[in-house]
Amino acid sequence: MSETGAKSDSAVQLFDCRDAFSQTLEAMASEDERVCVVVNDSVSSTKLKGFRVKFPDRFINVGIAEQNMVGVGAGLANGGMIPYVCGASCFLTGRATEQVKADLGYSNANVKLCGMSSGMAYGELGPTHHSIEDFAWMRVIPNLAVVAPADAIETAALMRYSREHVGPMYLRMSRMPVPDVMPAGYGFELGVAQMLRAGDDVTLMANGVLVARACEAAKRLAAEGISARVLNMSSVKPIDVEAVLDAARTTGGIVTIEEASVYGGLGGAVAEIVVQDAPVKMRILGVPGVFAPTGSEAFLLDYFGLNAAGIHAAAVDLLRGR
């Protein structure tokens, strides 16, 4: 676990992590001719129009064919390239799970899967376009790292790290604008949690767009005299086992928060650790095994209590032993 400290709230500005993703990818392609892109017709939503213009020979659009796209990526990796296979998370993970397992995990192929518009980012398009199962599906595949960056700063740092990492990765990107919570100059480390706020009463563990909301919940708890530790658990696999065990042993309980199903994701990964070595009270916040109603991403996050108020309530409930 590393202590970084959350950024100040003065003049909060929101950023779309896809911008950091595409800008960093273009910069890496300028530096390294091995970097290439494979897409499934989702050029606009992945914000890769600029890459297509600058590097047309390294931009491969396979059309709406996610299974084929993963295989093409594996072939490029076998040829020495570093392919970034980009598409909507719901289709990239749902349609191509077999190919991810066999072509990437089993072969340990050096392919970076970039799942875009993750969680409930597609809002009103409904459960067919929501990607709340991807943590569970991807986390069980051997050799495949799974990461959900918290903000634009971490997205850029993750992209830089991914080029140097040898082996398959699933990079889970959102499209919901969020404030930066990581400090300038931050360097991503796989398998290392980042402590954004120290605390002894309860630990809030979150990733993706919900890290900022966990930080806000911690402030509300502090106003009531409750000291909440906040950990950015962007690295879902490998997970920071020591940070989880330390939280279990030195605070009064753990609340996990993720824009995903409560089954098989961050909450499940944390529970698997503590139940074996340091049993502690937990609350797992996410989508509770249902298909979401129709509504915007912001509405749906509020609907499922994935906001500062909901996180605050879960922490208080845990500490009161309800």
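A few remarks follow.
- For region 35-77, the alpha-carbon coordinates run over 24, 19, 11 Å along the three principal axes, in decreasing order.
- Note on the chain: Cα-only Rg and Dmax are 18.8, 60 Å.
- Environment charge at Asp19 (Cβ cut-off 15 Å; Lys +1, Arg +1, Asp -1, Glu -1): -1
- The apolar share of the surface of region 176-322, taken as the fraction of accessible area on carbon and sulfur atoms (1.4 Å probe, ligands and nucleic acids excluded), comes to 55 percent.
- Each of the GluC sites (Glu not before Pro) that DSSP puts in a loop and that has at most 16 other Cβ atoms within 10 Å breaks the chain; the longest unbroken stretch is 34-188.
- Dimensionless Rg over Rh [region 176-287; C-alpha; Kirkwood]: 0.94
- Relative to the longest principal axis of the Cα atoms of the chain, the long axis of helix 66-78 makes an angle of roughly 70 degrees.
- Gln276-Leu125 FRET efficiency (beta carbon distance; Förster radius 41 Å; 0.05 resolution): 0.55
- Residue-averaged [θ]222 nm for the chain, counting only DSSP H segments that reach four residues, each worth -39500 (n - 2.57): -10500 deg cm²/dmol
- Shown are Ser162, Ser30, whose ranking by accessible area with a 1.4 Å probe and every protein chain present, most to least, is Ser30, Ser162.
- Crossing angle, helix 152-164 versus the chain [Cα axis fit, 0-90 degrees, rounded to tens]: 50 degrees
- Between the Cα long axis of helix 241-250 and the first principal axis of the chain there is an angle of about 10°, rounded to the nearest 10.
- Average accessible surface area per residue within region 1-147, 1.4 Å rolling probe, Å²: 42 Å²
- Neighbour net charge for Met205 - beta-carbon separation under 13 angstrom, K R +1, D E -1: +1
- Local electrostatic count at Gly310 - Lys and Arg +1, Asp and Glu -1, tallied over other residues with Cβ under 13 Å: -2
- Bins of 5 Å from zero: percent of alpha-carbon pairs in region 61-123: 4, 21, 31, 25, 13, 5, 2, 0
- 18 Å Cα cut-off, lysine pairs counted over the chain (separation 8 or more, or different chains): 5
- Compactness of region 1-150 as Cα Rg over 2.2 N^0.38 Å, two decimals: 1.08
- Unpaired cysteine residues in the chain (no second Cys Cβ under 4.7 Å): Cys17, Cys36, Cys90, Cys215.
- Principal axis dimensions, largest first and in whole angstrom, of region 246-322 by Cα: 40, 24, 18
The values are calculated or read from the model by the stated rules, or taken from the named source; none is laboratory data. Since the model is a prediction, treat every value here as computed from it, not as a measurement. We place every Cβ from the backbone using ideal geometry, glycine too, and count neighbours over all the protein chains shown. Side chains are part of the model used for accessible areas, which takes the heavy atoms of the whole protein and leaves out ligands, DNA and RNA. Shrake-Rupley method; radii C 1.70, N 1.55, O 1.52, S 1.80 Å.
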